[in-house]
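Below you'll find the structure, written out as structure tokens, and then a few comments.
The values are calculated or read from the model by the stated rules, or taken from the named source; none is laboratory data. Model, not experiment: these values are computed from the prediction. Please note: Cβ atoms are built from the backbone with ideal geometry, for glycine as well, and neighbour counts cover all protein chains shown.
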Amino acid sequence: MIQFFGKFHPLLVHLPIGVFIFGVFLKGYVAFKKQEIDEHIFKLIIAATMISSFLSVVTGLILFSGGDYEKDTVLFHRNMGIVFTAVSILIYIFNQKRWSIVIWLFGLVVLLFTGHLGGNLTHGEDYLTLELSKPQRKPIANVQEAKVFDDLVRPILEEKCWSCHSSKKQKGKLRLDEKEFILKGGKNGKCIDPLNSLLLERLNLPDGEEEHMPPKGKPQLSNQEKQILDWWIKNGADFNKKAKEISQTPADKKALLSFQSGENSTVSESIIPEKKVSEPSKTALEILQKAGLVVNRISPETNYITITVFENKLQEKEISALKELKKNILILIARGHKDKNLIAEIGNFSNLRKLNLAESGITDDDLNKFSSLAELRVINLGGTAVTEKGLLNLKTLGKLKTIFVYNSKFNKKQFKQLKAQFPKTRIDTGGYQISQSDSSKFVM
């Protein structure tokens, strides 16, 4: 029951701040304008400050007894609050002295520092500091190769949960900043039980619910972030596996792709054709989605789509569905795909702008069928069996801007000769340096 009164601390703590700062301005006015103000007004201001400050300290101590805060930080905050209360008593006694302005200013410094510590405890340790640039999440070039906890889950927890559940603060005695604490859970039990996850339950409560997490006023998780946590927890919350090692539904795959960065993660408006195409067949879309492919519209205003094909072998009905959508496909991601039936069909996707076949089963002979891809801007052939001979099949594609050939069978000694065949195309070899004997260098 006593913990109930501790909840009044955030309300009471603002009273001494407002009242005291008003008193500082009033004291400054008297000092600089050399005008007298009835001492009873100051007595009232200081008395209100003392009482509200005392109540703030008491309710703060009650709140701290619940064990939701890091001990060292909250003790410093508590001690500064007590010092401020003592300063307000001194001001009450000595306010009529000419030098009392010094105590007022000292009290203001103590108050600001106490408020800084309180803001850190409530909103995170950097709440009242100047943030010049927001930390960015680690880019993920291939999300299927990413470690699920280190590269996906941990950054979500750090950005959305650590302000309340870390070494600095432990609401509900729960920490989410280290593996051992995540597995331990909080005062209400384990939080990542695959069958009954308290963490997922709190995240999915309606925003207006008191137990909804994160609390109102703090950054909320996106639908994709919730999906990732749901997928990770319900599949055993493994701390070491890569994404590709955990089973995925189409919804999981779609959420994972939202974390992927690089040339496949965003769509430049400049590559969207002005030419209109008809609405993509709903039947064809349903067939592909049911087979586990991820299909998204480029934007709500266009009928062009992006398709991601995973390593599963496509049946005849999926190939037929792709044929039906050939004019709608603007971006195709088939990284690691070995199905020759799909590769043979790509040459018919006449509006294709970006194509990722890295680590796929494509060969030089297959590239011979890509001469009809007149709108292609980017093609990724890294990690494939493609050689410089096969690449020459692409030289007629006048709009081709970039070819990725890192770790393919491309012979770096032929770079100079090959580059001469592609004067307007960047050939990205991926990190090694062409020798001086080739009379030119190419460094990624």
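Of Lys169, Lys160, Lys173, Lys242, which residue is out of contact with any His (no Cβ under 7 Å at 6 or more places or on another chain), closer than 30 Å to Val309 by Cα and surrounded by 13 or more Cβ atoms within 10 Å (Cβ to Cβ)?
Lys242
Among what's in region 259-285 and is in a helix (DSSP H, G or I) and closer than 28 Å to Ala141 by Cα, pick the residue that is modelled with the lowest pLDDT.
If we take residues in region 259-285 being in a helix (DSSP H, G or I) and closer than 28 Å to Ala141 by Cα, then Glu269 is modelled with the lowest pLDDT.
What are the residue pairs meeting all of these: first residue in region 290-316, first residue assigned by TED's automatic domain parsing to the domain that holds Leu342, second residue surrounded by fewer than 18 Cβ atoms within 10 Å (Cβ to Cβ) and part of a strand (DSSP E or B), Cβ atoms under 7 Å, and 6 or more apart or on different chains?
These pairs meet every condition: Ile305/Asn296; Ile305/Arg297; Thr306/Asn296.
Search region 242-258 for residues being modelled with pLDDT under 85 and within 14 Å of the chain's Cα centre (by Cα), and hand back the single one that is farthest from Val143 (Cα to Cα).
Only one residue tops the list, namely Ser258.
If Ser163 meets every condition in (1) on the phi < 0 side of the Ramachandran plot; (2) at pLDDT 85 or above apart from one, which number is that one?
Unmet for Ser163, out of (1) on the phi < 0 side of the Ramachandran plot; (2) at pLDDT 85 or above: (2).
Just the residues that are over 33 Å from the mean Cα position of the chain (by Cα) and not β-branched (Val, Ile, Thr), please, taken from region 315-328.
Within region 315-328, Gln315, Glu316, Lys317, Glu318, Ser320, Ala321, Lys323, Glu324, Lys326, Lys327 qualify.
Residue by residue through region 31-42, note down the ones that are more than 17 Å from Leu108 (Cα to Cα) and surrounded by 13 or more Cβ atoms within 10 Å (Cβ to Cβ).
Residues satisfying the conditions do not exist here.
Exactly one of (1) in the same structural domain as Asn79 (by TED's automatic domain parsing); (2) modelled with pLDDT under 70 is unmet by Val110. Its number?
Every listed condition holds for Val110 apart from (2).
Of everything in region 305-328, what is part of a loop (DSSP other than H, G, I, E, B) and under 20 Å from Lys253 (Cα atoms)? Give them in sequence order.
The answer is Val309, Phe310, Glu311, Asn312, Lys313, Leu314, Gln315.
Within region 191-214, which residues are closer than 15 Å to Lys171 by Cβ, in contact (Cβ under 8 Å) with a residue 12 or more places away in the chain and surrounded by fewer than 16 Cβ atoms within 10 Å (Cβ to Cβ)?
none
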